[in-house]
Each structure stands twice: as C-alpha cells, then as structure tokens.
C-alpha cells in the first residue's frame, strides 16, 4: 500500500528531474550554436579584412602599372576605379541572389545544426 502512495510523488520527481535536464540541454545547445555562429562570423570578418587589404594593394599596383603604360598616372586610377564601379553595380543588381540568400542559408544551417 505504501508503494502506491510513493508512485505519484516519485513520478513527479522524475518528471521534474527530466524537465530540468532538458532545459539544461536546450541552454547548452543554444550556447553551442551561438558560439559556433559567432566564431564563423568572426573568422569570416578577419578573412574579409585580409582579402580587402590584398585587393587594395593589388589595385594600387595595377593602377600605377596602367598609369605608366598610358603615360598619365591618373588614367590608371581612373580605369581601375571604373572597373570597381562597374563591379559594384553588378553586385548591387544581383545582391539578393549572390549575397543575401546564400548568407541566410549558411546562418540558418548553423543555427539549426
């Protein structure tokens, strides 16, 4: 008879313990997902800075080379700047297809994995 009275209390304790552990697990999964996403964004940002610096130096070298070839230094920078302006217009036109949707997909996959 005593065992029947302990069953509801034991069951409630088990459910409370399970719920506590499940909450802890969800918190740990959220922390893991957040830290992975932050690390991915940080490493991407650092890579972007390095590529940006290399592109800046390469562009300056190309502009000087074109300027020496044409005989007028400003032509080299004008041609190089025009190239980047056209590239920026193309990227702006296709920004959703090339940038927004792929980045959203990567972030969603990171958050749900």
Length released on extending from residue 46 to residue 111, taking residue separation times 0.36 nm less the Cα-Cα span: 21.3 nm
Using Cβ counts within 10 Å as a stand-in for footprinting exposure, how do 15, 106 rank, fewest first? 15, 106
Would you calculate, for the chain, the mean residue ellipticity at 222 nm contributed by helices, counting each DSSP H stretch of 4 or more residues as -39,500 (n - 2.57) and dividing by all residues, to the nearest 500? -33000 deg cm²/dmol
Would you mind ranking 59, 43 so that the residue whose beta carbon has the fewest other beta carbons within 10 Å leads the list? 43, 59
What FRET efficiency comes out for residue 74 versus residue 54 if R0 is 35 angstrom and r is the Cβ-Cβ distance? Round to the nearest 0.05. 0.90
Whether the stretch 30-113 is rounded, prolate or oblate, judged on the alpha carbon gyration tensor where a/c under 1.5 counts as rounded: oblate
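Every read-out reported here was derived from the displayed coordinates using simple, explicitly stated rules and does not represent laboratory data. Computed from a prediction, not measured in an experiment: that's the story for all the values here. When we count neighbours, we look across all protein chains shown, and the Cβ atoms used for this are built from the backbone with ideal geometry, even at glycine.
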